[in-house]
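For reference, the structure is listed below as structure tokens.
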Amino acid sequence: MNLFKDFQGWVKTQLEAMMAAGELPVGLDLARVAVEPPRDASHGELSTNAAMVLAKPASKPPRSLAEALVQRLKAHPLVTEASIAGPGFVNWRLAPETWRGVVPAVLRAGTAFGDSDLGANVKVNVEYVSANPTGPLTVGHARGAVFGDALAGLLAKAGFAVTKEYYINDAGGQVDTLARTAYLRYREALGLGEAEIPEGYYPGEYMKDVGQGLAAKFGDRWVQAAESEWLAPVRRFAIDFLMDEVRQDLAGLGIHQDVYSSERALVEAGAVEAVEETLRARDLVYVGVLEPPKGKTPDDWEPRPQTLFRATQFGDDVDRPLKKSDGSWTYFANDMAYHLDKYRRGFNEQIDVWGADHSGYIKRMQAAVTALSGGEARLDVKICQLVKLTRGGQPVKMSKRSGNFVTLRDVVDEVGRGVVRFIMLTRKNDAPLDFDLEKVLEQSRDNPVFYVQYANARAMSVLRHAAEAFPQLSKEPEELAAIPLNPLTDSGELDVIRKLAEWPRVVESAAEAHEPHRIAFYLYDVAAAFHGLWTRGKDEAELRFLVPGRPELTAARVALVRAVAFVIASGLQVFGVEPVEEMR
């Protein structure tokens, strides 16, 4: 049940009827016509921008078009009032029984309430985390991991066929440096002296575990061998060892990705050559000389012919090199190969979740996806800004195990996966995030994860007390859905129901915008409405959820409370967070 979507369809039907009657020009584009809650609740319960977005193409004053819609709304059997606000927004109210009909819809659907067919089972690839396999995941990685996982969950709820993917960057020079560090720790593990870790290598304590693992598997096999002999097997072992650690870290955060793709495997399979072939077939490759970088020209810069991709034809600032001056492929060429591979696997919709330091890479990658797919594929890149980790307002010291950063595992072990996941989604992904290890555990309204979980715990408490005080009242959702809800007449009760009714609209709008943080804001609003109702019941006995001697009223309120718990659980499910039934 989605009242907003239903009325959006009704408004568009009326506009089409007005076009057919000659009241509006034929062929108006109705794509931007929306129905949503008005910004000012005093104006109404639903609002449409139809008159505002169609006035210019229809060559009509907005208020004139709005008045025509108001007259049609007043004839609708569910509408009790309709009016115009401001320059032409149309607002209206519905009969209370219409809103009360939301409660049985929630009860019958359970946590599936809000599920949508918006995505029409379109395949979407969400690639996130994708950290270099050179050490433990950091608290910085946590934000991209949680955001990507929540976005995947949101898109799945909205009806998309989602694949969650991790891209292993295991083909660059950094993994050779990793292998050389592992080799030093390997010799150390064999008792051949304490390792001296050179500048630019990986100094963290975690590399000792890799060295011990190498010693256990290979014994002294590589001690006297030349680097050319041990580099590849040591590199493979170190990558596999650390990727197992990554998987464990992600599992601790409740994340299990569907696919792990290897950059090295793609390169060795000739995927980069396929990029050049595809671009040459479309005349999108040439040999040319790039202009020097803007600003101060580096001392070692010199004009030289390179194999270039015509990225500027697809919105990039400059054309981009596919090959270095020595003829080897650029990192960009490897990344193009990976996105071409995703396209060939059937993903016309691709979403990449990157860290803040990659924002300058977006245009070229989007240009590449458009060029390689002939315009069929679309890449949306979501940048996750930095996380500032503090304790009581003071910066948190680095982890000894990692050497120079705080690990994801440290944070999850301290505050729990549910807290980490929820707090990471309380800000838009491209806004900086403060994560205070003390404040995220505070039991106050200022802590959104506590405030939402407390609302669920209160709802479950009501249901437990109802089972004791009213044993004859069924607690099964299907039977609660059949209970008459006419006793729900209080303005606070109707406010809660109206907020529940928004859930399907929030799911679809958040999915379309690729913005899971909207779910956190919505859940906070649901919690606030429910807590408000609870507080009023403390002061006025007749407003309590369980009223002795009023079985019909109590049954209706129990149905409402169960619906609140379902919607909160549905939202937390998108986030991968378990609802809390009791606060301790």
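Each reported figure results from applying straightforward, stated rules to the coordinates on display, with no laboratory input. Because the structure is predicted, anything quoted here is derived from the model rather than measured. Reconstructed Cβ throughout: ideal geometry from the backbone, glycine too, with neighbour counts over all protein chains shown.
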*asked:* Take the residue pairs K388/K499; K157/K388; K382/K439; K388/K439; K123/K323 and return only those whose Cα atoms are more than 21 Å apart.
replied: K388/K499; K157/K388; K382/K439; K123/K323
*Relative contact order for the stretch 1-130 using alpha-carbon pairs under 8 Å, separation at least 6, rounded to a whole percent?*
20
*By per-residue mean of other Cβ atoms within 10 Å, what is the highest-first order of 143-151, 538-546, 409-417?*
143-151, 409-417, 538-546
_What's the ranking of 430-439, 249-258, 20-29 by average number of surrounding C-beta atoms within 10 Å, highest first?_
249-258, 430-439, 20-29
*What size of dipole, in debye to the nearest 20, comes out for the stretch 108-164 about its Cα centre when the only charges are +1 on Lys and Arg C-beta atoms and -1 on Asp and Glu C-beta atoms?*
60
*asked:* To test your reading of the geometry: what angle, between 0 and 90 degrees and rounded to tens, separates the Cα axis of helix 139-157 from the longest principal axis of the chain?
replied: 50
*asked:* Under 5 Å between amide hydrogens, which residues at least 5 positions from T330 or on another chain qualify, with H placed 1.01 Å from N in the peptide plane?
replied: K323, K324
*Starting from the Cα of K12, draw a straight line to each of the lysines and keep only those under 20 Å, dropping any in the same chain fewer than 8 residues away.*
K56, K60, K74
*Return the FRET efficiency for the residue pair A20, A95: r is the Cβ-Cβ distance, R0 is 35 Å, and the value is rounded to the nearest 0.05.*
0.75
*Stretch D413-A541 to full length: gain in nm at 0.36 nm per residue minus the Cα-Cα span?*
41.8 nm
*asked:* Between K397 and E273, what is 0.36 nm times their sequence separation minus the Cα-Cα distance? Round to one decimal in nm.
replied: 40.1 nm
*So how strong a dipole does the chain carry about its Cα centre when Lys and Arg Cβ are +1 and Asp and Glu Cβ are -1, to the nearest 20 debye?*
920
*In whole Hz, with x marking every Gly and Pro, tabulate ³J(HN,Hα) for the stretch 42-50 from phi via Karplus 6.51 cos²θ - 1.76 cosθ + 1.60, θ = phi - 60°.*
5, 7, x, 10, 10, 8, 10, 9, 3
*Residues of the stretch 542-584 with amide N under 16 Å of the 7 Å Cα→Cβ point at A467*: 558-559, 561-563, 565-566, 580-583
*Once you put a point 7 Å from the Cα of M583 and another 7 Å from the Cα of D317, both along the Cβ direction, what distance in nm separates them?*
4.9
*At A31 and Y331, where each label point lies 7 Å from the Cα along Cα→Cβ, what is the point-to-point distance in nanometres?*
3.6
*Efficiency of FRET between E512 and Q212 - r from beta-carbon atoms, R0 51 angstrom, step 0.05*: 0.55
*Which ³J(HN,Hα) values, rounded to whole Hz and listed in residue order, are derived for the stretch 364-373 from phi using the Karplus coefficients 6.51, -1.76 and 1.60 in 6.51 cos²θ - 1.76 cosθ + 1.60 with θ = phi - 60°, glycine and proline given as x?*
5, 6, 5, 4, 5, 5, 4, 5, 5, 9
*asked:* Between the stretch 233-268 and the stretch 314-356, what is the separation of their alpha carbon centroids in Å?
replied: 21
*Around K388, which amide H atoms from residues at least 5 apart in sequence, or from another chain, sit under 5 Å from its own amide H, with H modelled in the peptide plane?*
L433, D434, F435
